[in-house]
1. Report, in listed order, any pair from Lys250/Lys298; Lys24/Lys45; Lys22/Lys45; Lys45/Lys298 with a Cα-Cα distance greater than 19 Å.
2. If each Cα of the range 203-284 is one equal point scatterer, what is log10 of I(q)/I(0) from the Debye formula at q = 0.14, 0.18, 0.27 Å⁻¹?
3. With every protein chain left in place, what is the accessible area of Asp333 in Å² (1.4 Å probe, nearest 10)?
4. Determine the shape class of the range 1-87: with a ≥ b ≥ c the square roots of the Cα gyration tensor eigenvalues, call it rounded for a/c under 1.5, and otherwise prolate if a/b is greater than b/c, oblate otherwise.
5. What is the packing order of peptides 142-153, 29-40, taking the mean over residues of other C-beta atoms within 10 Å and listing the highest first?
6. Could you rank Leu130, Leu56 by how accessible they are, 1.4 Å probe, largest area first?
7. Got a sec to turn the phi values of the range 327-334 into Karplus ³J(HN,Hα) couplings, 6.51 cos²θ - 1.76 cosθ + 1.60 with θ = phi - 60°, whole Hz, x for Gly and Pro?
8. Using the Karplus curve 6.51 cos²θ - 1.76 cosθ + 1.60 with θ = phi - 60°, what ³J(HN,Hα) values do you get for each residue of the range 68-75, in whole Hz, with x for Gly and Pro?
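The values are calculated or read from the model by the stated rules, or taken from the named source; none is laboratory data. What you are looking at is a predicted structure, and each value in this text was computed from that prediction instead of being measured. Virtual Cβ from ideal backbone geometry, glycine too; neighbours counted across all protein chains shown. Areas reflect the complete protein model, heavy atoms only, side chains present, ligands, DNA and RNA absent. Shrake-Rupley method; radii C 1.70, N 1.55, O 1.52, S 1.80 Å.
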Amino acid sequence: MNPLVLCTLTIIVTLAVSGYAKVKEPTSTVTAIVNLKLNRFLPVKLVARVLPWAELALAVALLVLPGTFQILAALASLALFASYWAVIARAVVQGNTASCNCFGGASTAPTSVFTLIRNTALFLASAGALIGALNTGGSAITQLLALDSAGWLWLIGAFLASLTLWSINRAESLKTPPSQQPKQAPPVAAAQAEDDYIRTPIPYSALYYPAEDPTSSRDGTGQQTSLRDLALAQARIIIWVSPGCGHCHKVVNKLAGWQEQIPMIALHPVVASGKDVSAFAMAPHIQVLIDPGFMTRKLFGQGTPGALALGMDGLLAGGPVTGGDNVITFVEDIITEVTQDYPNHVQDGSSTPDGTRQA
């Protein structure tokens, strides 16, 4: 038995699961590229289209192709996992905790040193797969068929160990069972309930607070946050606006009045650069955010004004909608729903919909 076949199988399973997840949810790759700040270097749409199928093709090649093709597939896998390792290492060094969406939309955990450890293990496994290909020249299937009884016992043991670790990880990450969770729907989502609105996870897409000193950065950005992080603290409505858009100024002029009516939901106008902040007459209590080049906006469509509602449960609660009239109707529908369901909270403006006090 060649023990390095375990490395090859690890890479095959990883590539197959990752590729399938990305094909199933193509926007997750776009989100990952933006989250990890690679959109300045990579053609976003091309990579999002090609990468999932490339991963699946490599998985199939490692599984069935022998000889030179096996070696080439192993080399390509090594190069791919080396690039993944470098991308995560760069994010960790920079303190970027946005999700890498490495396994599609299902993997929304923040990037951390543990992500780097995982990628290091996968890089080493891909190196083992290459060494195995050079030594045997056979495909993974060929090597499996050649196993003796002792080899199959090793393989079964490795499978059970992996299954145990996976089960422990899943069990630890489980939240309260749905039957024990409150049935109350977030008020922001109610405005679109009648349209059978399907709520999806909020991506870890980057936004920025304006810099205290606009000259300190090229685009006037200060501290980084993300859509997901913003939603953890409070339900929010994000509204993208641009100075050259007449409807955007009409929407911005309504923000202060809207905010007074729904103090439990934060409204945030979002501009493309720091210099655009001064182009609008913002009320002092309205927190402006910056989306450089509207890269996060592009995840949800094009054009301004555009709006999106974020729920505190980590799911999109409404939108996206685009166009002046649509955005105004979108926000006013939410206000109507919220003021009907939570009249006492709206009157005193002191509590969130779940009854907790705002800071």
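1. Working: Lys250/Lys298 22 Å; Lys24/Lys45 16 Å; Lys22/Lys45 13 Å; Lys45/Lys298 11 Å.
Result: Lys250/Lys298 exceed 19 Å.
2. -0.51, -0.84, -1.35
3. 70
4. prolate
5. The densest-packed peptide leads the list: 29-40, 142-153.
6. Leu56, Leu130
7. 5, 4, 5, 4, 5, 5, 5, 5
8. The phi angles translate into 4, 5, 5, 5, 5, 5, 5, 4 Hz.
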